[in-house]
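Data first, discussion second: the structure below is written as structure tokens.
What follows draws every value from the coordinates through simple rules; no lab data is involved. Only a predicted model underlies this, so the values are computations on that prediction, with no experimental measurement involved. With ideal geometry, Cβ positions are generated from the backbone for all residues, glycine too; neighbour counts draw on all protein chains shown.
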Amino acid sequence: MTEHYTEAFVLDKSDFREHDGMVRLYTEELGKISARARGLKKILSKSSAHLEPFNFVRVRLMHMKSGYFQIIDVLPHHEISVRDKKKSTRHCGVLLAMAEFIDRMTRELHPDQYLWHIIKRLAEVEVDEATMYRFLLKAFGFDPQYATCNACACASVAHFLHDDHGFYCAECASKTGANAVSLV
């Protein structure tokens with residue numbers, strides 16, 4: 001059993017058994033992980049409020065012999081707080097889109113220091129959804145500035161499609177489906 005103490009961004013939280021929960025985190029040292037939080041759904045749980053999606057936390061994890069991670073301790077991150085942004089529906093929507101995009105585009109146990117710094121920077125400033133996608137795509141190695149449309153080779157890209165990791169212009173994106181994220 002290995003113990004890790006790291007900073008993390010909470011991507012998602014789901015129920016697991018009667019009182020436990022599974023929490024998806026993007027951590028500074030381990031990348032994206034799924035961790036079990038015991039007693040998360042109990043009324044007196046001290047960690048439940050900290051492990052809400054979009055929060056930055058300091059977390060102590062135990063890598064169990066069976067291969068999963070278990071959350072031992074969790075503390076709020078004092079330097080980065082998104083509490084005020086959660087009150088605004090616009091910024092809450094940007095944080096939700098950011099968490100879903102990171103969850104979809106990353107693999108488990110693949111840490112990326114540059115991506116971690118981009119996540120922290122995006123949480124500290126107020127940006128619109130298109131700007132957030134452009135910064136994250138650049139961190140993932142898909143810089144929209146140098147991209148062309150996958151369908152027609154047009155230089156003005158307006159959308160990114162998760163399924164094939166390709167850029168599309170506005171006209172071609174309307175033909176691809178609903179999975180395209182807007183960069184404009």
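The table for this structure:
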read-out	value
Label point distance in nm, H117-A153, each placed 7 Å from Cα along Cα→Cβ	3.7
Share antiparallel - DSSP beta bridges, the range 3-161, percent rounded to 5	90
Which of K42, K32, K175, K13 has the fewest Cβ neighbours within 10 Å, and the rest in rising order	K175, K42, K13, K32
Separation of the D128 and Q145 label points, Cα + 7 Å toward Cβ, nm	1.9
Cα-based convex hull volume of the chain per residue, rounded to whole Å³	128
Counting all C-alpha pairs of the range 75-184, share separated by more than 21 Å (%)	40
Inter-part distance where the range 98-169 and the range 1-73 are each reduced to a Cα centre, Å	25
Estimated vicinal HN-Hα couplings, Hz - the range 20-26 in sequence order (Karplus 6.51, -1.76, 1.60; Gly, Pro = x)	9, x, 10, 10, 9, 10, 10
Dipole moment magnitude, nearest 20 debye, the range 36-184 about Cα centre, only Lys, Arg, Asp, Glu C-beta charged	860
Along the chain, longest interval not containing exposed GluC sites (Glu not before Pro), exposed being DSSP loop plus at most 15 other Cβ atoms within 10 Å	127-184
Estimated vicinal HN-Hα couplings, Hz - the range 43-54 in sequence order (Karplus 6.51, -1.76, 1.60; Gly, Pro = x)	4, 8, 5, 7, 9, 4, 5, 6, 8, 6, x, 6
Sites I72 and H162, calculated FRET efficiency, Cβ-Cβ separation with R0 25 Å, nearest 0.05	0.15
Segment Y5-K46, length gained on full extension (0.36 nm per residue, minus Cα span)	13.0 nm
Cβ-based exposure ranking for R36, R107, R60, in which fewest neighbours within 10 Å come first	R107, R60, R36
Under 13 Å from the R107 label point (7 Å along Cα→beta-carbon), backbone N, the range 149-184	none
In the chain, lysine pairs with alpha-carbon atoms under 17 angstrom apart (chain gap of 8 or more, or interchain)	9
